[in-house]
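Student: Can you keep this structure in mind? I'll have questions shortly.
What follows draws every value from the coordinates through simple rules; no lab data is involved. Everything quoted here is computed from the prediction, not taken from an experiment. Cβ coordinates were reconstructed from backbone atoms using ideal geometry, including for glycine residues, and neighbour counts include every protein chain displayed.
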Amino acid sequence: MNTKHNTTRQLRIRRHARVRFHIKGTSERPRLCVFRSNRHIWVQLIDDVAGKTLAQATDWGTQEGKKTKIKETRVMHAERIGEHIAKLAREKKISAFVFDRGGYKYHGRVKAVAEGARKAGIQL
């Protein structure tokens, strides 16, 4: 691969591979994996030992059909998704995650997901 012509996506995937080399999710402490696009954000709880997704949440479709007085930003949506995934984890009796930022900077929406999960009482 010629580094001169790598796309942003290819570079993110390479960074994610470096991060994934160091972190593994288990059934007691699953990996909280984050994927974000320009518009939406997806999170999953993954048990890497069993190769299973334990829970998932997304903001996909949460904007439609809801009329609120306060306009929510994408960061607010990401924090709410973090709180939602923490609620799903508590239902499955999971109290701690390993955070996988997915090759993104720990900043903005990725950080908001982690802070939302922490605010809901999950240890990261």
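Student: May I ask you to list the residues in region 69-111 that are small (Gly, Ala, Ser) and within 19 Å of Ala55 (Cβ to Cβ)? Walk me through it before giving the result.
Tutor: Restricting attention to region 69-111, the residues satisfying the condition of being small (Gly, Ala, Ser) are 78, 82, 86, 89, 95-96, 102-103, 108.
Matches in region 69-111: Ala78, Gly82, Ala86, Ala89, Ser95, Ala96, Gly102.
Student: Could you tell me whether any residue of region 11-24 is farther than 17 Å from Lys93 by Cα, among the aromatic types (Phe, Trp, Tyr) and crowded, with 17+ Cβ neighbours inside 10 Å? Give the steps one after another, and end with the answer.
Tutor: Initially, region 11-24 is screened for residues farther than 17 Å from Lys93 by Cα, giving 11-24.
With among the aromatic types (Phe, Trp, Tyr) added as a condition, the list becomes 21.
In the following step, the residues that additionally are crowded, with 17+ Cβ neighbours inside 10 Å were identified as none.
Looking through region 11-24, none of the residues is farther than 17 Å from Lys93 by Cα, among the aromatic types (Phe, Trp, Tyr) and crowded, with 17+ Cβ neighbours inside 10 Å.
Student: Tally up the residues in region 95-124 that are surrounded by fewer than 19 Cβ atoms within 10 Å (Cβ to Cβ), out of contact with any strand residue (DSSP E or B) (no Cβ under 7 Å at 6 or more places or on another chain) and touching a residue at least 60 places away in the same chain (Cβ under 8 Å), please.
Tutor: 0
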